[in-house]
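Asks: Next up is a structure, given as structure tokens.
The values are calculated or read from the model by the stated rules, or taken from the named source; none is laboratory data. None of the values given here were measured: they were computed from a predicted structure. Here Cβ is always computed from backbone atoms with ideal geometry, including for glycine, and neighbour counts include all displayed protein chains. Remember, those area values only see protein heavy atoms, side chains included, never the ligands or the DNA or RNA. Shrake-Rupley method; radii C 1.70, N 1.55, O 1.52, S 1.80 Å.
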Amino acid sequence: MKTIIQTGLQNSMSYKAYRALVDELVKNSSTTGHNQAKAFVNYTKLNNKRMSRWDKTLKISNAARKAIEALDTKLTWLVITESWCGDAAHTLPVLNKISELNSNISFRVVLRDDNDALMNASLTYGNKAIPKLIILDSNTNEVLTTYGPRPSKATSYVNRFKAKYGTLTPDFKEDLQHWYNDDKGQNIIDDIIEILHQLQPITFR
């Protein structure tokens, strides 16, 4: 697993580089990943707008800031994604903003379809679900925990719908986007702070 993680890190990029990549893809009517269908190109264009909006408007409360700033252990956050993924467009800007509050957190982005071994080692119930955040000890590259592909409340929302109807409908997927817009990233912030408090041997000042 450490070899897979190391390869993933070598193939990764900063969030800034990822945003620049997506901007360039939009200009060229393209997308990341193996599927270059028009629908995926359109998803990338839409997601670029979503990420730009969250980059500018996301708010983190003073209480949350203090909790994040208190982290005193060096972590690497390696998130697996693709530009066409709607959940990722709402999640990555939040993770980036959180990481910017503490220099102990190194945030890296890696593309799913270009890193099969890493994705296959990070499945969610057997699925290549993204975005998937892998939290590593920066000193050892040991996997401490993972997060994703959705925040906890969205996961519950999806699971309830699947249990009742068997599959996610286009209308539900649209409703889920509205949920992200209404939540404004706060569920992700709460989830990450809870993870940071639970991790060992992480200590807080």
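Asks: Taking S29 as the residue in question, decide whether it is part of a helix (DSSP H, G or I), modelled with pLDDT of 95 or more, of a type outside the set (K, R) and over 28 Å from I4 (Cα atoms).
Replies: No: the conditions fail for S29.
Yes/no per residue for (1) open to solvent by 90 Å² or more (accessible area, probe 1.4 Å); (2) more than 27 Å from L58 (Cα to Cα); (3) part of a loop (DSSP other than H, G, I, E, B); (4) of a type outside the set (D, E, K, R):
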{"residue": "T140", "(1), (2), (3), (4)": "no, yes, yes, yes"}
{"residue": "T155", "(1), (2), (3), (4)": "no, no, no, yes"}
{"residue": "V158", "(1), (2), (3), (4)": "no, no, no, yes"}
{"residue": "K164", "(1), (2), (3), (4)": "yes, yes, no, no"}
{"residue": "L168", "(1), (2), (3), (4)": "no, yes, yes, yes"}
{"residue": "Q177", "(1), (2), (3), (4)": "no, no, no, yes"}
{"residue": "I189", "(1), (2), (3), (4)": "no, no, no, yes"}
{"residue": "I193", "(1), (2), (3), (4)": "no, no, no, yes"}
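Asks: Of the residues in the range 53-65, how many are free of Cβ contacts under 8 Å to residues at least 24 places away in the same chain and surrounded by 12 or more Cβ atoms within 10 Å (Cβ to Cβ)?
Replies: Residues flagged as free of Cβ contacts under 8 Å to residues at least 24 places away in the same chain and surrounded by 12 or more Cβ atoms within 10 Å (Cβ to Cβ) within the range 53-65 amount to 1.
Asks: Go through D137, D183, D116 for me and flag whichever is over 19 Å from R50 (Cα atoms) and without any contact (Cβ under 8 Å) to a residue 60 or more places away in the chain.
Replies: So the residue among D137, D183, D116 that is over 19 Å from R50 (Cα atoms) and without any contact (Cβ under 8 Å) to a residue 60 or more places away in the chain is D116.
Asks: Considering each of N42, N48 in turn, give the residue that is open to solvent by less than 40 Å² (accessible area, probe 1.4 Å) and not in a loop (DSSP other than H, G, I, E, B).
Replies: N48
Asks: Anything in the range 78-97 that is open to solvent by 10 Å² or more (accessible area, probe 1.4 Å) and either in contact with a Lys or Arg (Cβ under 6 Å, 6 or more places away or on another chain) or of a type in the set (K, R) (or both)? List them, or say none.
Replies: Scanning the range 78-97 gives D87, K97.
Asks: In addition: Just wondering, is there one or more residues in the range 123-131 that are free of Cβ contacts under 8 Å to residues at least 60 places away in the same chain, over 22 Å from I80 (Cβ atoms) and open to solvent by 60 Å² or more (accessible area, probe 1.4 Å)?
Replies: No, the range 123-131 contains no residue that is free of Cβ contacts under 8 Å to residues at least 60 places away in the same chain, over 22 Å from I80 (Cβ atoms) and open to solvent by 60 Å² or more (accessible area, probe 1.4 Å).
Asks: Condition check: closer than 27 Å to R53 by Cβ, open to solvent by 50 Å² or more (accessible area, probe 1.4 Å), in contact (Cβ under 8 Å) with a residue 60 or more places away in the chain and part of a helix (DSSP H, G or I). Does K173 satisfy that?
Replies: So K173 fits the description; yes.
Asks: If you don't mind, another one. With the requirement that a residue be touching a residue at least 60 places away in the same chain (Cβ under 8 Å) and either surrounded by fewer than 22 Cβ atoms within 10 Å (Cβ to Cβ) or part of a loop (DSSP other than H, G, I, E, B) (or both), what does the range 100-110 give you?
Replies: If the condition is that a residue be touching a residue at least 60 places away in the same chain (Cβ under 8 Å) and either surrounded by fewer than 22 Cβ atoms within 10 Å (Cβ to Cβ) or part of a loop (DSSP other than H, G, I, E, B) (or both), then R108 is the only one that fits.
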